[in-house]
Each structure stands twice: as C-alpha cells, then as structure tokens.
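To keep things clear, I will list the structure first and then write my remarks on it.
What follows draws every value from the coordinates through simple rules; no lab data is involved. These numbers come from a predicted model, not from an experiment. Don't worry about glycine lacking a Cβ; one is built from the backbone with ideal geometry, like all the others, and counts go over all protein chains shown.
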Amino acid sequence: MKNRRHGVVRIAALMCAVCALLAHSPVGFISLLPLRYRFDALEPVMDRETVSVHHDKHHATYVANINKVLDDDHPSLLELQAGAIEAGPVVRNNAGGVYNHNLFWLEMSPQGSGGTPSPALVAAIDASFGSFDEFKQKFAAAAAGRFGSGWVWLIVKDGSLHLTSTANQDNPLMHGVDAVEGIPILTIDVWEHAYYLKYQNRRPEYVAAWWDLVNWNQVNSWYDAALKGTAPSGE
Ligand code: MN3
C-alpha cells in the first residue's frame, strides 16, 4: 500500500513536472527576432563582430529579461510600449530594448539593397526639415548630442515628421517619455555597443556611414502606416 501510494505520488510529481515544462514553453513568449542577413552582410559599415555581439548578446539579453516577467497571455511587444514607463524599470528597459532593436535590425539591409526614400517621404522630409541634407545634419546633431546611451528617432506626429531622441531604451511610443511622443519610422542606436569595436569614440563617423545601411523599402512602408496611425509591430 505504501509503495503503491509512493508510485502514485511519483506519477503525479512527474505529471506536474510535465505541466511545468508546458507552462514554461516558449509558446506565447517574445522571441529574439532573427536577422534577415548574415552577421557580415552589413560590412564594411557595421562589422561582423559588432552585429554578432549586438544581436546575440545585447539584444538577446533584453529578450530573456522581458520574458522573465511576462505571463503567457501577455500583451504584444507593441502593446507593451505605451505603458512601459508606468510599469517600472524592468518592462521599460527590456520591452523597450527588444522593440527598439527589432526596429533597428529590420530597418537595415546590406549596402545597395535598401532602395530609396519614397516620393511621399522625401516630400515630408523637405516640408519638416527643409531638405534631405538638412534632415541628415539635424539627425547627426541629435545623435552627437545624445549624452550617454540612447536612440535618435524620426517620428510621425499629427501627420508630420519630427526628430527626437531618447535615453537608454526609451522610445517615442512610451507615454510620459522625455522626448517628443509619436510613431517611430526610423531610428539609430547610439549606445557604444552599436559602434565601439569599429569606430571607438567616433560616434559621428558611425552615424554618417550608417545611412548606407538604411532599408528605405521598410521605412517607406512604416511611414505609410504611421500616417494612418499604425506603429511598426516590431515583429
Ligand atoms: Mn543596442
């Protein structure tokens, strides 16, 4: 009798272990966005080692950390952004970190493959910044002026384009962020880990070279969606 009860207990324990495994299965969790290109595909602008460490270590850590605090029925990555600051530093830093990096990888492509800004986007840039060259100058100034770690953003707000920048892993979708709030359509990571191995302290050189990697086909479609009020899902 005692042995049989032990057997039942053991089977029950085994079933609980299976249940626990199922409960912690990756289904429904946020996954690390796979790159659409090889680690060395962005060279010479962005070197293989930087892309590899940035994606597989830095980005992957944000993914791991946000999954530690999400339930199975969590909101989407995009839905997490608006309330991220109110939700506290773990969600703010990690949901922001995952979303920002997803946009960053998606909006880059190997040199020569990203197309050009659409006529509508060019017209909007001219309207907001005077010309494409002036836009790039203002973008570069915002990147140089971001003290410490953060991001520079081109956003759509009330139907027009604006430049803004955020500290750490904040982004313009977060309510209450210390930046202009709006829908992001282009961003650059100016954390040192994004450029230090190749450019060391020369952040402006990295920013100037990075334009060759912009996947305008992606940015054009984000711009069109943003005009209708839709932000990139990041997935
Ligand atoms: Mn980064």
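Below, the figures for the structure above:
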{"quantity": "Spin-label zone in region 95-130 - amide nitrogen under 13 Å from a point set 7 Å from the Cα of residue 136 along the C-beta vector", "calculated": "117"}
{"quantity": "Relative contact order (%) - the chain, alpha-carbon pairs under 8 angstrom, separation at least six", "calculated": "23"}
{"quantity": "Inverse mean reciprocal Cα-Cα distance (Kirkwood Rh) of region 49-182, Å", "calculated": "16.3"}
{"quantity": "Using alpha-carbon coordinates, inclination of helix 2-23 to the longest axis of the chain, degrees", "calculated": "10"}
{"quantity": "Between 0 and 90°, nearest 10: helix 132-145 axis offset from the chain longest Cα axis", "calculated": "50"}
{"quantity": "Whole-Hz ³J(HN,Hα) from phi, Karplus 6.51 cos²θ - 1.76 cosθ + 1.60, for region 109-126, glycine and proline x", "calculated": "7, x, 3, x, 10, x, x, 10, x, 5, x, 5, 5, 4, 4, 5, 5, 4"}
{"quantity": "Burial order of peptide ranges 130-138, 163-171, 53-61 (average beta-carbon count within 10 Å, highest first)", "calculated": "163-171, 53-61, 130-138"}
{"quantity": "Stokes-Einstein D in µm²/s, Kirkwood radius over Cα pairs - region 63-122 at 4 °C with 1.567 mPa s viscosity", "calculated": "96"}
{"quantity": "Bins of 5 Å, starting at 0 and running to the largest distance - Cα pair percent for region 159-235", "calculated": "3, 14, 21, 22, 21, 14, 5, 1"}
{"quantity": "Kirkwood hydrodynamic radius of the chain, from inverse mean 1/r over distinct Cα pairs, in Å", "calculated": "19.2"}
